[in-house]
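Have a look at the structure below before the remarks.
The values are calculated or read from the model by the stated rules, or taken from the named source; none is laboratory data. From a predicted model like this one, the values you see are computed outputs, not experimental measurements. Cβ sites come from the backbone with ideal geometry, for glycine too, and all protein chains shown count toward neighbours. What goes into the accessible areas is simple: the full protein's heavy atoms, side chains included, and nothing from ligands, DNA or RNA. Shrake-Rupley method; radii C 1.70, N 1.55, O 1.52, S 1.80 Å.
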Amino acid sequence: MEETPIKNELCIIPLTQSVLFPETKSEIKLNRSIGDAINQRSDEDDNYAIALATRENSADKPLDENSFYSVGTLVKLHARRSQGGGYYYQMEVKSRVEVLAITRQLNVHIAAYKLRPDIEDVNELDTKKMLEYMKEVTYEISKSFKGSEPYVQAIRKIETIPALIGYLMPFMSIANSEKQSLLELDSLKERGIQFMDVLLRQKESVKLQMEMAQKFSEESNKNYRKAFLKEQLKAIQQELKEEHGSGSNKKEYREAIEESDMPDEIKEVAFEELDKYEAQGPTHHESHVIRNYLDLLLALPWKSESDIEIDIKKAREILDDQHYGLKKVKDRILQHLAVMKLKKEKQGSILLLVGPPGTGKTSLGKSVAEALNRKYVRISLGGVRDEAEIRGHRRTYVGALPGRIIQGMKKAGEKNPVFVLDEVDKLMSAFQGDPASALLEVLDPEQNNTFSDHYLEVPYDLSDVFFIATANTTKTIPAPLLDRMEVIELSGYTENEKFHIGRNHLVPEVLEEHGLDEERVSFEDDVLKAIIDRYTMEAGVRGLRKQLTSVVRVISEKIVSEEVEFPYQVKEGMLEEILGLQVTRHDVAQMDNPAGVATGLAWTPFGGEILFIEGTYMDGTGQLTLTGQLGDVMKESAKISLSLVRSRLAFNLNDFDFNKKDLHIHVPSGSMPKDGPSAGVALFTAVASLILGRKINPKMAMTGEITLRGSILPVGGIKEKVLAAHRAGIKKILLPAENEKNLKDVPDDVKEQLRFVYLETIEDLIRETLDIELPKQETVAIGLNGETGFINNF
């Protein structure tokens with residue numbers, strides 16, 4: 001018994017160019033919206049659907065209930081695959097159905113239907129005769145087409161009229177409306193007779209086409225033969241002509257190879273290719289491939305350049321002139337160049353500059369090339385997923401090219417350029433290979449003197465190249481590749497650094513791009529500071545450049561319209577009119593904080609921020625609630641803080657019953673994810689302040705990690721945090737004692753306006769924030785033999 005779906009409403013699969021018949025199997029492609037709807041209902045509908053043909057007048061119009069015929073087929077979906085923005089389904093056509101009603105739900109039409117069985121009004125003997133006649137006509141048609149034998153074999157195995165009609169119908173060149181008429185016939189006898197009529201018409205059509213093709217072939221053969229002979233004669237004449245004229249070309253290749261700086265083994269390969277070219281002739285289908293290969297060999301630099309003296313003083317001047325700030329980074333680069341100068345090496349190790357976007361990584365590579373007086377080559381590796389992009393394609397492939405490394409060397413024209421590999425952290429791995437693995441050989445000083453490119457097929461020496469890679473993060477760089485590079489980290493610019501970059505570099509550049517200069521248009525210092533503070537939030541200066549461009553664009557329009565006079569000065573009050581309302585905001589220290597609020601310090605890729613940690617409690621069962629999108633590490637710090645409060649302040653808590661109170665800690669802004677251990681001291685202070693009811697100095701901020709034994713550990717981002725505190729109006733900062741050394745990176749004028757207190761233990765924190773003097777805690781130590789002793793916390 002044939003299985004039927006339980007549901008009497010199913011999804012409609014619209015057929016715009018075909019009609020499906022029962023007892024067949026088919027594959028169909030659906031767009032993603034319809035496919036997604038069918039996939040969502042697949043379990044509910046037991047993978048059944050209704051295949052309905054659309055009427056001819058519904059083309060290029062949105063489908064509605066009037067766009068479909070009322071008779072279709074019930075299909076069972078067996079498999080699907082996603083490809084090219086849609087889905088491909090393998091399906092089995094079960095039986096005919098009549099659609100009773102059509103509704104639309106989301107992106108798909110739903111049909112209420114009933115089965116429409118065939119009227120079997122032909123006996124078994126007549127069925128057999130009808131089937132044999134259909135097959136005979138089909139066999140006669142198939143003789144006119146080469147390669148039809150597999151289809152004939154499949155037809156021989158078909159035993160029912162509906163199955164044969166369904167199998168042959170896709171090959172019939174008739175209109176969809178006629179196919180639909182056949183499908184709607186209930187009588188099996190009438191359907192068979194009408195299909196035989198279609199078959200006979202198809203037979204006569206094929207016969208007529210063959211006769212016309214034969215007549216055309218006889219007439220066109222003469223013309224074709226004449227044209228073919230002319231082309232052959234032309235090719236022979238061209239070859240005879242080139243045999244006399246190509247000798248000089250081959251002679252030029254041979255002389256060029258002899259005079260080149262190629263190593264002897266490379267010259268040998270070049271001569272072998274030239275011999276092959278001469279033997280095959282210039283009209284051979286591989287001749288252009290050989291010529292391109294020889295041209296590449298001759299264009300590549302093979303000779304090592306003479307030693308170029310590295311002027312460290314000049315290099316420092318170039319770096320300082322082109323890049324403000326970044327003192328640590330520039331010192332590291334100069335140290336690297338100094339080692340190269342002493343060792344008389346052209347390359348040294350490979351550098352990796354890691355930092356946020358817009359911090360000058362790529363331009364630093366250009367400055368290094370200028371400082372070394374070398375050629376500068378840059379390739380972008382973002383999104384590269386094919387190993388052949390690095391190593392090239394083998395010459396057996398049509399349109400083969402060398403990899404980007406060899407192309408870059410050809411472009412440089414020298415063997416010792418500064419080669420920047422941009423966005424090396426965005427390499428992607430795919431079925432074409434792993435480009436990051438291909439870079440291992442390029443960036444390994446022990447291997448890159450014999451780099452192998454698939455197109456070049458001879459070893460090429462990259463040991464003279466100074467490679468500088470750039471990345472935004474090291475997390476996505478494979479460990480073996482990262483191990484081959486010396487990492488130099490670039491942190492984000494401070495506001496003061498952004499101000500000087502804007503004033504000394506960006507403003508002159510933007511004005512020049514718009515045909516202006518600083519004598520005609522000038523910016524007040526307050527304007528630059530306001531743009532940085534109110535209209536940008538970034539680690540680099542790309543956003544600052546965009547905002548300056550917007551301002552200068554408006555000024556350019558006013559100048560052209562003769563609305564302003566020179567010299568024109570941009571003032572802070574004009575910014576809201578030009579750039580709109582302020583788009584960024586920074587928290588500032590409050591005049592007064594209630595009990596339960598402490599000010600922490602946070603690091604972000606865009607700089608530092610102050611962070612308010614708020615706490616409250618209510619009657620409950622001792623639960624701790626944490627909100628503000630806190631990460632796991634920050635949640636653990638909150639739990640440690642609560643444990644330390646209960647243990648260290650037990651005698652100061654009066655009658656506070658933790659088992660009957662619920663604590664709630666919140667860290668604004670709620671939409672920003674936050675994590676890390678550095679908020680530990682602020683979390684502890686907020687909880688202690690809340691429970692003791694003591695207010696914390698609103699002009700005091702803090703950072704540091706706490707441990708369960710009460711130690712305060714060092715954290716990162718001190719420079720950015722201190723600058724953020726200074727900007728927010730903080731006057732006193734609590735830091736872990738081990739972070740005192742990090743203050744040397746903070747500008748002296750900022751440090752002079754702040755007071756720093758260094759903490760080693762939680763008792764130091766309690767004394768500074770809550771004005772409570774606690775004795776040093778002792779920790780019980782249990783020996784292996786079970787003896788106990790006391791160890792003073794450090």
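Before moving on, here are some points about what is shown:
- Residue within segment 517-526 that is in contact (Cβ under 8 Å) with a residue 40 or more places away in the chain, out of contact with any helix residue (DSSP H, G or I) (no Cβ under 9 Å at 6 or more places or on another chain) and within 27 Å of E370 (Cα to Cα) present: no
- Selection within segment 132-147 - among the basic types (K, R) and in a loop (DSSP other than H, G, I, E, B): K143, K146
- Looking only at segment 187-215, and only at residues there that are within 19 Å of G166 (Cβ to Cβ) and β-branched (V, I, T), the one that is nearest to the chain's Cα centre (by Cα): V198
- Checking P150 against (1) surrounded by 13 or more Cβ atoms within 10 Å (Cβ to Cβ); (2) part of a helix (DSSP H, G or I), the condition it does not meet: (1)
- Set I333, I318, I390: member being in a helix (DSSP H, G or I), farther than 29 Å from E509 by Cα, open to solvent by less than 40 Å² (accessible area, probe 1.4 Å) and β-branched (V, I, T): I390
- Number of residues in segment 150-189 that are of a type in the set (F, W, Y) and out of contact with any strand residue (DSSP E or B) (no Cβ under 9 Å at 6 or more places or on another chain) equals 2.
- Any chance S671 is within 23 Å of A539 (Cβ to Cβ), out of contact with any helix residue (DSSP H, G or I) (no Cβ under 7 Å at 6 or more places or on another chain) and at pLDDT 90 or above: no
- Checking R385, R395 one by one, the residue that is farther than 16 Å from D464 by Cβ, charged (D, E, K, R), assigned to a loop (DSSP other than H, G, I, E, B) and out of contact with any Phe, Trp or Tyr (no Cβ under 7 Å at 6 or more places or on another chain) is R385 and no other.
- Members of segment 154-186 that are touching a helix residue (DSSP H, G or I) at 6+ places or on another chain (Cβ under 9 Å) and within 15 Å of V122 (Cβ to Cβ): E159, T160, I161, P162, L164, I165, L185
- Qualifying residues in segment 726-748 (those that are at pLDDT below 90 and out of contact with any helix residue (DSSP H, G or I) (no Cβ under 9 Å at 6 or more places or on another chain)) - the one most open to solvent (accessible area, probe 1.4 Å): K744
- Residue that is least open to solvent (accessible area, probe 1.4 Å) [pool: residues in segment 61-86 that are assigned to a strand (DSSP E or B) and modelled with pLDDT under 85]: G86
- The listed residue being within 22 Å of T473 (Cα to Cα), among the charged types (D, E, K, R) and at pLDDT below 85, out of R378, R385: R385
- Candidates are the residues of segment 365-387 that are surrounded by 20 or more Cβ atoms within 10 Å (Cβ to Cβ) and in contact with a helix residue (DSSP H, G or I) (Cβ under 7 Å, 6 or more places away or on another chain); the one that is farthest from V541 (Cα to Cα) is E387.
- Residues that are more than 16 Å from A163 (Cα to Cα), in contact (Cβ under 8 Å) with a residue 12 or more places away in the chain and among the polar types (S, T, N, Q) within segment 106-145 comprise N107, S144, listed in sequence order.
- Candidate set: segment 564-611, residues that are over 23 Å from A724 (Cα atoms) and either part of a helix (DSSP H, G or I) or in contact with a Pro (Cβ under 7 Å, 6 or more places away or on another chain) (or both); chosen: the one least open to solvent (accessible area, probe 1.4 Å): L575
- Within segment 660-705, tally of residues that are open to solvent by 10 Å² or more (accessible area, probe 1.4 Å) and over 17 Å from L626 (Cα atoms): 9
- Test: L342 is out of contact with any strand residue (DSSP E or B) (no Cβ under 6 Å at 6 or more places or on another chain), of a type outside the set (D, E, K, R), surrounded by 17 or more Cβ atoms within 10 Å (Cβ to Cβ) and assigned to a helix (DSSP H, G or I): no
- Restricted to segment 262-287, and to residues there that are assigned to a helix (DSSP H, G or I) and of a type in the set (D, E), the residue that is surrounded by the most Cβ atoms within 10 Å (Cβ to Cβ) is E273.
- Flag if F656 is assigned to a strand (DSSP E or B), open to solvent by less than 40 Å² (accessible area, probe 1.4 Å), touching a residue at least 12 places away in the same chain (Cβ under 8 Å) and aromatic (F, W, Y): no
- Selected residue (criterion: modelled with the highest pLDDT) from residues of segment 1-60 that are in a helix (DSSP H, G or I) and among the acidic types (D, E): D36
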